[in-house]
Every structure is written in structure tokens, then in C-alpha cells.
């Protein structure tokens, strides 16, 4: 820590801090610092303003330390991927007896068979589609839940619901809750990174990584292989001038702090400039993929010159691994961009097969490679990988189209890695894949399970906002125990 | 089966009736109370109190069905084989215990009155539901360090401090004080001149100098801009609709302007409330923007299925009820949407009865009826009429077909083909390609050299075509020349991508221009002819092409701009006549945009209210009994019959809220005002005065302020004066527990104190106000202050918001605008606020995202803030502007420059040490480097 100023140094060294009550910093509000080591006494984390990203203890020892969420925007069809429905082949092009006349986008058409061939995979023999051959090879490692339900059949509210547990705007995201609870293992990088798809941001944009009413410190920082973190350097300022301004600022602030002893907020701002200075070095380093060997680029498909979107998403996946390697707590990797008639994301209303033929290769090899790479480096032992999407799709086509409408009543997500029981499939939809019928799990349960794997009790991780002890899971949620190793 | 066996077993085992106290309660006590007793009521179920137990929990109520054990959920959970459902979760009860409970229920679940060991708390026994306490009239003399205070605030604060063996800090120095008060009231720093003048007056007469300062600032229009922001935070104001599409809400800003004006005018707070709820009846149309500030799904985003529509409507009414409850009453009424409130006396029925007050409000623009709006409307009409004339004249000047000049791209709205006048009786329009599907034309006009449309059916012109798709009263061949525009009066060919129409005039005409369109109303762009030709027939019957698409700009569906008139392809004479028309057209169009902007406000529309039902667990698919408007039953008795008209409902609600008898309204507002000055309210949870909220640190002070607020006629400015003129407010912010640590440090401390104060240990959060709690400026204040100091701040008030991003709403990534001009150097409250999208530099400074209400801004500190403020183009450009300003005003002497830079940014000259420290930097790296450091310094960013 020798690169810190005396003030910053004092702040970041807790033992010295606590014993330094006779110094200028001595009377920084002690209540800020008590419980620094986490959730021991209280359920709610106590945040040291000078070190918002300091690692904090979970409620109980969790199997997972870090999380990668692969978020497929636009609602991936469960019927073309993980939820095999042979009955649907028999019923192809027949009307669904007693089915809804009108769904989200309009009149319902006839039932439609899965648009890809399915085959059995690995030891478990689970049927998975040929649409995603690379991920399919990893089937044995995944814990699936086929019986998820959402509260909304509209992308915006439903992405809110998946990311924040509420379908209204303005609630904290899963990543914000996680870093609020646990801080991060790496103080030189943002604790929570959101990596948008190379084709654009997802449907509900920043709400998916927003802090809601939690402190801004816990919002996701966006960066990708294409676009680095903003404001890492001052454009047009020479290094010497930049350094001179920085040094002067340090002296100004140190003098001001001496004149205002005991103000923790002032000290915290000094520390934040020192953290920022380190971020200026570490962020470009982490985004620089030139050090990755050729075989890694190949594994992910980052060298695919024929498919630039796939290569760009592959680079995002490599970036995700590098962030996890460095101890970043929460990485959210988006696959699929904004509403575009299904052209840029998984919203296959009109020509599902044609569009999924484009989207699947962008997701498949890079995401599978990420999991393999994490595993081969031993990172999967304490990293949880989550694959999710906001809802599923209907077993019938829309009238006059070759695509499926929104279906919030039964869809599939999966997890793998730390603490996850490999090879299990929880819950079921009916034989046509329209509605969850066995072990129905509202998305609350999925989020509760993620928190559980991190050592957090979703009922105890709370934040007081306008009179309500808010939680990620509102007043609902049960851990899906079947998914746990 | 198992249950039946048990029942048989029990009836033989127990002969005497089960006694609740002797047999049943001990089982519940031992196995259930832990989760369903006084401390916890999981799933809303409480089993230690008769009334609660028989009512049941949230999900399965009633859990005990008298006489029917086999139907009672309670028994189900005790006996189920499903591990996830079994109660108690730690393991099944013994068969004997289950038998006892089963028998008891079958015997009618007799539960004697008066035997319960616990008592249901009286949820009304809560301070904020009780009337304001009178303060006793006579205030004891105020004990403090300096001159005696006559301000009651000091009395209440000192009383509490004395109780805790603490005392107030010495008065703040004048420099800190003018900075503090100016930031507090206006969100901007004082100018050096204002500071000097104040310091001078302060020395002569401290009390009156502060009074003059406060009076001056309360008169400034900057005050309304600052305090409106606090209000907009609470009501989550934004200029987009939110959710995925997040489209622009172009007429939201009149509400923002209304709030600024209301604060500047010191609109009495009770009137301010009423205007926001029922301003349509009070000549304040924009004020009801309050009702519809939330995110909302637009009709196109809502599912076509009825369940989606019902859920969307419920969500949008819910936002209104939450807003009313949080903002005015400090109650989280929204909690009762799914079940009775867990802590406050608000039932689910109360919640839906509140919905019924606003069940006729729709999220939509409403025409403003202010004189200004009416004038704009009249103006717009005039401008539009003039524009139509100009367009008509300009149509003569489109480039001639086949003249060699490139003609504008085809568009769906209107295309004009001009050619050398030619005599003919027949004209044919042939379509060769379309954007998609069969071609559609809503109107075909043919003008002769006298400017008459000779195609019009009324002139007797005959039509024929290659074939039609007829849809009665929508697509018919006769609509081609009926003089009426739009898709629903159009002709549709029956051939994919092709078709022709032919006109025969009653006599030979000298024709020179054809005008045609897909949809002159601008709604449809499909089925557009992209390749076509126009031919005329000579007397011998031979066809000659007079115009076609070959010399038009290549069609590009992505190019949505309508072609601007140009001078290319015109003769010199034509160009001379067209030029002024083109200029006038542009000017008229911008006038129309301006005029149309000022006529509407996104302030809701009002219609016959929906029937409101109590919804089981908040689910619109599970309606229960109908509910009529009523205020919260625990707090009032105002109810309305079902047939009450829409506006009357809101009237009644507003009157109930804005009443001196309402125990919450005044308390909640004075607490918000207090928070605006001290950073934290007397009640630390400003939008929760319910039982889960934090109790006031100074309940009597809060009640005194609320009483005074009502007494003053609900004057917000009166409250500012009262607070700002107290000695509590004017005390130093320093922690006086230590001697000054060093000579360098002490130089910039104007007030030193050797008094040892225990405050830091006993009250580190400064809730008791033993010193003034300093705080960081809010995001908007930082931006505004940087601009004020750099000399670039544009004080233009009101109107449509300026852009922070390259788009005003929409789906995809928002790119920040990083070139700065007068318009975007206005105060940040006038920025077009995109919901959820944090401003690139200042968003990180805890700027609310307008998703949910922000009653109090969290003050967090992050490295991203540091990166933004140190490296952004905004800071760098303003640092340069600041340096330029200083050079212009201070001349070339570096010492004078540094001095002025300090005075402008920190309201004080540099110390000798600071001057010595900064001079070499300015010499080596320029004044800009110093300005950049000043903008980032803690002293600059904190209210002292």
C-alpha cells in the first residue's frame, strides 16, 4: 500500500485506523467502521464509506464467491433449446384445443414442432437441441429448472422482474444486491461489471444493472471488449500535467482534511481518487486481450473472421473470464440487444428459425468455451455461472407467422459451477411445453437460489426504502434445493 | 386416508372435549409461536392471538375451518408428505399432537375469549397518527454559547443536547455561512462580491446580515430551481415513459416548470397539494402532471391479451397510489396491494379504496387551457395555414423530371412530378416495383397550367386500373381521385408490386404536374411504389413518358427524412422566386414546432373511473368484492358512493390530504424542508412516517414546526426563514474535539475551538446537531456550480429540456453529448431527464434514476465518481473556460489569477502556503490544471 497517500493509507489500514484515535483521522464516525467485517452482527451489510467494495462476509459460508450471469435478452424459446417436447412433433400444425385465442402480440396460430432436432447428451442422456451443439456437450454439468414463471409477458417489466425481482422500474438489480452484500475481492476494478452484447444494449437497458435505491457504488459498470470504461483518462492532457494536477489535488484535500478532522466523508473521497488512479491502470490492462494465446481465442471463437458478432461476443466472454480471474464479484454478460423484430435478440415472433440460426452461433461456442475455460483454470470451483432469459415462448406459432409469442408461464434457465448439482432437471412443463405443471418456480425462487449459493439468505438481505425492508425477492422466494450440490 | 385413521384414533383416545388452554395452546406454543407468534408472522399467520389465528395467513386464509379439520390448511400443513410444505419445517408433530388439534377443530375450534397471553398491538397507537401536540406555550430561555436565542428551534435542540450532556458548536464563520445558505437555497455558490459584502455586514450585525441574505436568496428565482429538484426526486419526475421502450414523454416539462414556479411563488403548501391532485379544476392544468409521473407501458407495448391489459392498468394505478401515499402522507400504502399492511393500519381494502379515487386517470397528454396555450394554438393554426400556402407555391419549383438534376427520393407522404406542359386528355400512372406487397395510392392529383387539379372525380374525370383489391369504404378505385387523403380512402392494386391507373379528363388539358402519395396522413409507409412511370397519350393514342423514377435519388427505406426543397434543377428565375419561400418554410416549421410544444402537458386525462375491486393477492385475475373511494379507514372517515364523478373523487381526496386535521401532511412536509437544510430529517425516513419508520429525534420540535407551518398559511418560505435564522443552523460544522493538528491546517480554519465536545463519540451521525452536518453537493449542484464558476452558466429558465444524450428516448444505448453550448449549459433541472439512464458524469453522484421515489439521496463515494469528475470532457472544458475567465478578469499576474480562482470557486483567497504551493504548478502546467484540481477538491464539493 506504499502507493497511497498518508491519508488514504491510514484509512485503508483498519487496525492502524482503529488505534489511531489520537490522530486527525481518529474520530471518523466509528459506527461507520464497526462491523466492517460484514454481516456478523446485523443482517444488513455495513458499508465503510472509504471502502465500499471491501470484501464482506456472507450470512453463512457460500459455495460460490463470484457470479457470471449470461443473460439472453428477448426471451429464448425453451422449446428450441432445453425443454424437449416430442408430443409437439405429433401436434405440429394442429390447433391447440382449448388454447388461448389471443396472446401477447395477437391471434394464436397452430402448434409448431421444435424447429431443431434434439438428441440425447452425455451421461444423463438429457435431450438437448442441435441449435446449441457446444453448450449441449456440457449438459451433464448443468442444473436445469424447466418450470420457471414470470409475472409479466412484456419484455420491459419481465426483464425488470428477472434482474430486480419487481416488474416496476427502479429496484436494485441482482448484481447490485450481491456487491452491496459482499463487496469485491479486487479493489482495483469495479466490483460489478455489465458487458452489453456487441449488437447493442438489452431491452431494458441500464435497469438490468442499476442500483435502484441502493448506493450508487453498487451499480454495474458497463464495459466490453468494444467499449472500455468511460473517463479512464483525460483526453488531451499530457501525463506530466495530469500528474501535477493530481498531486496538487491530493495536497489540497489533505490540508482540508486536517482542518476538518473527523469527517469520514472527506477521507472517503480522498481514498476514492486513489482507487480511481489504480483503476486507470488496471482496467485497460484487463480489457487488453492481446495477451491471450491463439488457442484460447480459437476455443472461444474470437478468431472467427466470418462471423464478427460471434467474435465480438467471444471477446466479451474472454473479458468475463479475466474479470472473474481477478476477483470481480459479479459479471453480467448480455447476449442479445434491444427490440428489433427479433433481428438483434431472441424475440422470435415472425421467423424464429431463420433468426435463431443467426443468434445461436453467436451464443453457443463462446459461452461454452467460457464455462470450459473457467473449469480448466479451477475457477468454476468458486464461480457460479447462470444462464437466464426473461420468459419463454408459446408452443404454437402466431397466426400468419413462423414464430412464437411470449410465454411467461413455463420456461427454462440453468446454472452450473460452484455449489450447483450437476445433471439435474427440476420442474416440468406440460407435454406441449406451454405451462409449468410440476414444481412450479416463480423467478423469485431462481434468484433466492443464486443468493443462497453465495451464502446469502434472501430474506435477510434487506435495505430500508420508503418504509419497506426491501428484498430482491419481495415477500416471496424459496431456494430450489434440488439444484444444490 | 392417513387423516381418517387419525380421526378415528383420536375420537376413541380422547373422550372429553379438547380444552384450548390445557390441550391446544401448549402445542402451538412449543411448535408454532417461533415463526407464527409475536415476533414473526411468517406468511402473515399469527397463532398466539385468537382474532389473528382465526383470520388466517396471507395465502390460505382461513387456516382453521371450524368443524372441518380435513379442509383446514393448518392440518394439511401438519400432515402433508411434501417436505417443502410440511410444518413445522424441522419435523412432523407427534401423532398425538396432530390428533389433539384435529379433534379440536372438528369440535368447532372453541377458543375462549380473554385467555390469550399476548395482546394485539394497537396499530393506531403511533405518534404520527396522533394530533399535533401543542408545545406548551411558554418556552424556557435558550442556553447556548453566544447571544441568547429567541428561536424556538434552538430551545428544542438544546434541550435534547443537554439531556445527552452535549452542547452546540460555536457559530460558523461568515464565509462558511454564506456558502452554506446560498447552496442550500439556490444550489449555487455565492459570487466573490456577494461574499465580501456579506462578510462586511456580518461583522457589523450578525443577525441582520443573515436575515438580509436569506431574504435576498428567497426572492431569487434560483431558489425555485433548487427546491423543485427535491420535489421532483420524491415524485420520480422524468421526460421519458420508462420500461423497455423508454420513449420520449415530450410534454412532461410543464409540470417541472409548474413546480419551480410554485416554490418561487411560495404557493401555500395545502394549495400546492390540491393543485397537483385536481389542478384541472383550479386553473393549474400542468400541476396534475404529479398524478402521472411514473413509468408506464404505452398501449403498443401492452400485450393484446386481456390479462396483460388488466395487469398494465393495475400497475399504472398502483404507481399513482404509491406516489400519493409516499409523497404527501409519508406512508407506504402500496404495501397493501397484495395483503394487509404488515405494520401499519392499512388494509388491502383501504388500498383499493384509495385506487378508486384515481381510477379515472389516464397517463396521457392533456390540452392546456392557459391564455398562453390558447394563444399558441391560434398561432399554430395560422402558421399551418401559411405553410400549406408555401408548400403549394413551392410545389411549382420541384426540379423538372428529365432535366438532368437529381430529384428527391420517393417518400410515402407526398411526391411531385413536374414536367414541361403538355396537352393531353389521358394520363397513365404505372407502378413497376413496391417496397412490399401490392401497391397502394391514397391520392393522385394532376395539375394543369392554371393550377387546377383536373384528376378530381368531381370534374368528371374517369378512372380505370389494372385491377383492384376492394375493401369497402377503405380501398376502392374511386378513392384514388376523391380529394380525400389517408389509408382509409385509398386505392389498392391486386397485383404484387405492380399495377396501373389511367385517367381520362372530360376535355384536353394542358398538364404540367402530378402529385401522388401512399398516405398523406403519414401513418403508413408500406406498399410504396419505388419504381413507376407517368405517361400521357397523344391524340393518335401513343403513350409518351413524361416522368419516371430513374432521375430520383435511390430509394433507401432507412432514410426517413422528408426531402427538403432545393434549388437544383431550377432555372435562375425559378430559383430567385423559390429561395425566399424555402427560407420562410423553414422558419414557419420551427414556429409551428414551438407553438405546438406549449399547448399540451403530460398531466393525465380524466374519464369515467374503472370499477375497482379488491384483488386477491394483488392479482387482477382474482377480483373479489367491489370497492368505492374511501380514505384510509384508520385515519379518516371520508367515503364516496360508487357513482361519484371522476373530478369530485380527486377533489375529496385532495381536501382530506391538505387539511390541518390530517396528522401526517404538515409533519411530512416540514420534515422534508428540515432535511433539505440539514441533510437528514428529524424523521430519518422522510417517506415513511409509519410504524416501520424511524421515530423523530425531536418529536416536539417536529410538531412545533408543523403547527407553525399551518399557522403561517402553509408557507414554505416561512419555514426556511425560521430554520435558517436559528443558531442551530448557523453553528460551525467542525468537529471540535481536537486542537488544530498543524499550522498549515489551522491557516484555513477561521474558527478554532479548544472546547472538548463528546459529540463525535456520543452522536457520530450528528443527529442531535451538536454541529452543523456538512455534506457533499448533489449531482445537479456540482454541475451547476462548475458552470457558474467557469462563467458559462446560462440562466435561461423553463421550457423544453435540453439534451444530455444524442436521443431523447428510445431503446438502445444513449451516447452522451460532449460538446457544450449555451443551451446545454443551463441548470441541470432543465435537462431532458431520460429515465434510468444516468447522466454520464454526474449520474454516478447518486442522481436518482426516476424509477422509484427518492425521498432522500444517498451520498455514496466511488472511484467512478472520481474518474468522471477528474477526466470527463465536461470538467476539462469547464476548467479551460474557468481559466480563461480568470485570465480575463485578473490580468496576467499569476498571484492575482490564483487568488481570483480561489475566490470564485471556494469563496476565499488562498493562504500563503496555498499560493506558494500552486504558483509553480500554474507556471509549469497552466492555470487550467489548477482549475481542474479546484473542481475536484473536497472544499469545493462540500457544503461547509
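The values are calculated or read from the model by the stated rules, or taken from the named source; none is laboratory data. What you see is a predicted model; the values in this text were computed from it and never measured. When we count neighbours, we look across all protein chains shown, and the Cβ atoms used for this are built from the backbone with ideal geometry, even at glycine.
Worth pointing out:
- Qualifying residue in the stretch B:271-286 (condition: within 14 Å of chain A (Cβ to nearest Cβ) and crowded, with 24+ Cβ neighbours inside 10 Å): no
- Filter result for the condition that a residue is away from chain A (no Cβ under 11 Å), touching a strand residue (DSSP E or B) at 6+ places or on another chain (Cβ under 6 Å) and crowded, with 24+ Cβ neighbours inside 10 Å, over B:291, B:368: B:291
- Residue list for the stretch A:172-193, restricted to those being under 15 Å from the mean Cα position of the chain (by Cα) and within 12 Å of chain B (Cβ to nearest Cβ): A:172, A:173, A:176, A:179, A:180, A:184, A:190, A:191, A:192, A:193
- Among the residues of the stretch B:663-685, those identified as within 14 Å of chain A (Cβ to nearest Cβ), closer than 27 Å to residue B:638 by Cβ and part of a loop (DSSP other than H, G, I, E, B) are B:664, B:683, B:685.
- Among (1) touching a strand residue (DSSP E or B) at 6+ places or on another chain (Cβ under 9 Å); (2) on the phi > 0 side of the Ramachandran plot, the one test that residue B:441 misses: (2)
- Of all residues making up the stretch A:80-102, the number that are crowded, with 23+ Cβ neighbours inside 10 Å and either more than 30 Å from residue A:371 (Cβ to Cβ) or touching a helix residue (DSSP H, G or I) at 6+ places or on another chain (Cβ under 7 Å) (or both): 1
- Any hit, the stretch B:372-389, residues being part of a loop (DSSP other than H, G, I, E, B), buried (at least 17 other Cβ atoms within 10 Å of the Cβ) and either within 14 Å of chain A (Cβ to nearest Cβ) or in contact (Cβ under 8 Å) with a residue 24 or more places away in the chain (or both): no
- Exclusive hit being in contact with a helix residue (DSSP H, G or I) (Cβ under 8 Å, 6 or more places away or on another chain), modelled with pLDDT of 90 or more and more than 7 Å from chain B (Cβ to nearest Cβ), set A:208, A:253: A:208
- All positions within the stretch B:839-859 that are surrounded by 24 or more Cβ atoms within 10 Å (Cβ to Cβ) and more than 9 Å from every other protein chain (Cβ to nearest Cβ): B:842
- Single condition residue A:235 does not satisfy, out of (1) within 7 Å of chain B (Cβ to nearest Cβ); (2) buried (at least 22 other Cβ atoms within 10 Å of the Cβ): (2)
- Pick from the stretch A:435-485, criterion more than 14 Å from chain B (Cβ to nearest Cβ) and closer than 30 Å to residue A:113 by Cβ, ranking: surrounded by the most Cβ atoms within 10 Å (Cβ to Cβ): A:443
- Qualifying residue in the stretch B:812-829 (condition: within 26 Å of residue B:186 (Cα to Cα), buried (at least 21 other Cβ atoms within 10 Å of the Cβ) and under 16 Å from the mean Cα position of the chain (by Cα)): yes
- Checked against the criterion of being within 28 Å of residue B:919 (Cα to Cα) and touching a helix residue (DSSP H, G or I) at 6+ places or on another chain (Cβ under 8 Å), the candidates A:302, A:267, A:314 yield just one match: A:267.
- Test: residue B:237 is within 13 Å of the chain's Cα centre (by Cα), more than 30 Å from residue A:99 (Cβ to Cβ) and within 14 Å of chain A (Cβ to nearest Cβ): yes
- Taken together, B:843, B:813, B:799 contain a single residue that is under 30 Å from residue A:339 (Cα atoms) and touching a residue at least 60 places away in the same chain (Cβ under 8 Å), which is B:843.
- Residue A:424 being surrounded by 23 or more Cβ atoms within 10 Å (Cβ to Cβ) and either free of Cβ contacts under 8 Å to residues at least 40 places away in the same chain or touching a helix residue (DSSP H, G or I) at 6+ places or on another chain (Cβ under 9 Å) (or both): no
- Contacts under 6 angstrom Cβ, first residue in the stretch B:299-317 being at the interface with chain A (Cβ under 8 Å from one of its Cβ atoms), partner in a helix (DSSP H, G or I), 6 or more apart: B:302/B:308; B:302/B:309; B:302/B:312
- Considering the stretch A:92-140, the qualifying strands (runs of 3 or more DSSP E), each wholly inside and each with 3 or more residues that are under 28 Å from residue A:157 (Cα atoms) and within 14 Å of chain B (Cβ to nearest Cβ), run over A:106-111.
- Members of the stretch B:860-869 that are within 7 Å of chain A (Cβ to nearest Cβ) and either out of contact with any strand residue (DSSP E or B) (no Cβ under 9 Å at 6 or more places or on another chain) or assigned to a loop (DSSP other than H, G, I, E, B) (or both): B:860, B:861, B:862, B:863, B:865, B:866, B:867, B:868
- Number of the condition not met by residue B:660 [criteria: (1) within 13 Å of chain A (Cβ to nearest Cβ); (2) closer than 16 Å to residue B:129 by Cα; (3) surrounded by fewer than 22 Cβ atoms within 10 Å (Cβ to Cβ)]: (1)
- Flag for residue A:162 being more than 11 Å from chain B (Cβ to nearest Cβ) and either touching a residue at least 60 places away in the same chain (Cβ under 8 Å) or out of contact with any helix residue (DSSP H, G or I) (no Cβ under 9 Å at 6 or more places or on another chain) (or both): yes
- Subset of the stretch B:600-636 that is assigned to a helix (DSSP H, G or I) and in contact (Cβ under 8 Å) with a residue 12 or more places away in the chain - its residue that is farthest from residue B:315 (Cα to Cα): B:617
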